[in-house]
Amino acid sequence: MTELKIHPPSADFVKNAKIDAAKYEEMYARSISDPDGFWGEAAERLDWIKKPSKIKNTDFSYPDVSIKWFEDGELNVAVNCVDRHVASRGDQVAIIWESDDPNVAKHITYKELSANVNKFANIYKKLGVKKGDRVVLYMPMIPEAAYAMLASARIGAVHSIVFAGFSPEALASRVNDSDAALIITADEAPRGGRNTPLKANVDKAREHTGNVPTLVVERTGGDVHMEPGVDHGYTALFEEASDQCEPEAMNAEDPLFILYTSGSTGTPKGVLHTTGGYLLYAAMTHEYTFDYHDGDIFWCTADVGWVTGHSYIVYGPLANGATTLMFEGVPTYPDVGRFWQVCEKHKVNQFYTAPTAIRALMRHGTEPVERHDLSSLKVLGTVGEPINPEAWEWYNEVVGKGTRPIVDTWWQTETGGHMMTPLPGAHATKPGAAMKPFFGVQPVVLDPQTGKEIDETECEGVLCIKDSWPGQMRTVFRNHDRFVKTYFADYKGYYFSGDGCRRDADGDYWITGRVDDVINVSGHRMGTAEVESALVAHSKVAEAAVVGFPHALKGQGIYCYVTLMEGEPYNDELREELVAWVRKEIGPIAKPDFIQWAPGLPKTRSGKIMRRILRKIAENDFGALGDTSTLADPGVVDDLIDNRMNK
Ligand code: ATP
Ligand code: MG
């Protein structure tokens, strides 16, 4: 078995860190024993119009689940993210925008951000958007997306962002589900040197949505259809709009946004987040997880279409008065060194990305990284999927030169912010482990059969959370029943994450993947992530996805989809070698029953492997693949089915 390496932070790092090991222990203990005291004090980092007198009022009892934080407090998110910084840091850059074109970037100060958000808010008003209305954003990664979010918060509207890579059908279903008063889009979205026709997609979506009024930002100036009375050009409205707009006083429990989950396990859910608790939790996790210091340049590579972009490009960093980098492009354009070129150009201090990006870049070797000066980096982060130790080590050695702490952050659209992660100055990290709960988070491991909490330190099972934290989602938009059933019905009294985990002898947590992805081979339960990690540890393997399938003797067998490194030939000899390799790495019980070559894997638009589709293909059940509207490249599925049928 691959040996476990532990990576403590350097003494220097610890000395300058906001939270060291002792401080973490002390704060964590207080957050659990005295949540009202802890969060009441923490809430002072926000500017309140009316300070809350009630802090926590939450109940996980099925079916009367109710979650309220700071329920009599009043505040405005835009004031917290923009206005209050103008006096103290008006000339500091709030947003660095790096365009798809490597020669174009913009720097927007807090003063400019304030004017732009106010103008945007007045455009909303002019177009008739009122407090409580939903606005759908279908936008490129441009500063106007951040203005649109903050302006929505300023007037008390509720935004719902639909990732710009989604099809007209996926857009239409989200516009209809949220009953949107306005769509904000752009003419086109440049990405990787190609333009996605966003406005034309909105036009197509109208077949299902009718003529929802639409604001069109002129990003490329491309020719688009403008329907009189329905479509409105942004620039003209922006130029005439006043840069003064009174913020709406919002109750802490008023909705801030709706966001649909990525759909890797089923039909996307309209997750609803509210104002006070969400903002506090995003801000606090941003500061502590990344050890963010004033003046640092923070870069989260996610799209604002995902929760990661909401919490760690816009709300968390801006609430903290940070400088946040927003990137319009892709990691491989104009070449596979783009991420590192951007880090060098803007002297990025904290870099936060996804395992899927790391694995993709790893395939191209170390040279594209080493070409760039990455000395500004202080902390590296990952999110979205379990990171296999092989990719973790590459990230650590090649990008971090072995000296930057890596925070592997486990969380969900539903949780609003990080739930488990090492804090960089407090915890020695273990490659692939999410390590420790954030303040206020009480993870428990349940026995999947009995539903009982497992008390032993070392164990494996279903990951649930025992009590509420401020960033928790409050409901599924207009479907509270689905909220209660999805998260609170299977294990009464707990929030059910849907993920499995292992707790090691030190009490550190490892996410093993979705509970559905645990396979039972001859009575032995194992996470598919473990087999995937073993496969990826082989030098010729770039990526692997493992699922269970019905097996006459063993109950479930192990079915592996494998993508090889650039240029490696796919042949039977290597197939046998990989079977032997996994057997040696994990043990005879994990010996793959079948390896299917997969030059491409079905992924969501956010880069997650859709194992539910792979399970169906492994089972030879091609008829019922379920919701595939969030797939990045549906063609991959047909190729895998063809391959499967030819066996
Ligand atoms: P859906 O809920 O519609 O199936 P989704 O769960 O993929 O979609 P997200 O909220 O974007 O939507 O993803 C959260 C999930 O991502 C977690 O439940 C977990 O399975 C996985 N995940 C996120 N971060 C990590 C991490 N650091 N380690 C392991 N898994 C992670
Ligand atoms: Mg989920």
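Rule-based calculations on the coordinates, nothing more; no lab input. Predicted model, so just to flag it, every value in this text is computed and none were measured. Cβ sites come from the backbone with ideal geometry, for glycine too, and all protein chains shown count toward neighbours.
Pairs of lysines 8 or more apart, or on different chains, with alpha carbons under 29 Å: count those in region 263-422, would you?
Numbers: K345/K378; K345/K401; K347/K378; K347/K401; K378/K401.
Value for region 263-422: 5.
Under 18 Å between alpha carbons, and skipping anything fewer than 8 positions from K436 in its own chain: which lysines qualify?
Partners within reach: K5, K18, K23, K466.
Classify region 90-148 from the C-alpha gyration tensor, please: rounded if a/c falls under 1.5, else prolate or oblate depending on whether a/b exceeds b/c. Show your work: numbers first, answer last.
On the way: a/c = 3.22, a/b = 1.56, b/c = 2.06.
Because a/c hits 1.5 or more and a/b fails to exceed b/c, region 90-148 counts as oblate.
Using modelled amide H (1.01 Å from N, peptide plane; none on Pro or chain starts), what sits under 5 Å from the amide H of I184, excluding residues fewer than 5 places away?
Under 5 Å from the amide H of I184 lie the amide H atoms of V136, L137, Y138, L215, each far enough along the sequence or on another chain.
Express the Stokes-Einstein translational diffusion coefficient of region 120-208 in µm² s⁻¹, to the nearest whole number, given a Kirkwood radius over alpha-carbon pairs, 4 °C and a viscosity of 1.567 mPa s.
Stokes-Einstein gives a translational diffusion coefficient of 99 µm²/s.
Averaged across orientations, what area in nm² does the convex hull of the alpha carbons in region 489-618 project? Display every interim value, and only then the final one.
Working: hull surface 39.9 nm².
The number I arrive at for region 489-618 is 10.0 nm².
What are the lysines whose alpha-carbon lies under 28 Å from the alpha-carbon of K125, with same-chain residues fewer than 8 places away excluded?
Cα-Cα hits under 28 Å: K50, K51, K106, K111, K199, K204.
With θ set to phi - 60° and the Karplus curve 6.51 cos²θ - 1.76 cosθ + 1.60, what are the ³J(HN,Hα) couplings of region 547-564 in order, to the nearest whole Hz, using x for Gly and Pro?
9, x, 9, x, 10, 4, 8, 8, x, 10, x, 9, 10, 10, 9, 10, 9, 8
How big is D for region 14-134, in µm² s⁻¹ as a whole number, if Stokes-Einstein is applied with the Kirkwood radius of its Cα pairs at 37 °C and 0.692 mPa s?
My calculation gives 178 µm²/s for D.
Return M362, M645 ranked ascending by Cβ neighbour count within 10 Å, so the fewest neighbours appear first. Could the numbers behind the result be given before it?
On the way: M362 20, M645 10.
With the sparsest Cβ surroundings first, the list reads M645, M362.
Please list, short to long, the whole-number percent of alpha-carbon pairs of region 386-477 in consecutive 5 angstrom bins beginning at zero.
3, 12, 18, 20, 19, 14, 8, 4, 1, 0
Computed over the Cα atoms, what is the radius of gyration of the chain divided by 2.2 N^0.38 Å, N being its residue count?
0.93
Expressed as a rounded percentage, what relative contact order does the chain have, with Cα pairs under 8 Å and six or more residues apart?
On the way: 1408 pairs, mean separation 86.9, N = 647.
Contact order relative to length: 13 percent.
So what is the diffusion coefficient of region 266-392 in µm² per second by Stokes-Einstein at 4 °C and 1.567 mPa s, using a Kirkwood Rh over Cα pairs?
Numbers: Rh = 15.5 Å.
Using the Kirkwood radius from Cα pairs, D works out to 84 µm²/s.
What is the mean projected area of the alpha carbon convex hull for region 549-588, to one decimal in square nanometres? All intermediate terms of the calculation are to be shown ahead of the outcome.
Numbers: hull surface 14.5 nm².
Mean projected area for region 549-588: 3.6 nm², to one decimal.
What is the Rg over Rh value, at two decimals, for region 1-48, using alpha-carbon atoms and the Kirkwood definition of Rh? Could the numbers behind the result be given before it?
Numbers: Rg = 15.9 Å, Rh = 13.5 Å.
Rounded to two decimals, Rg/Rh equals 1.18.
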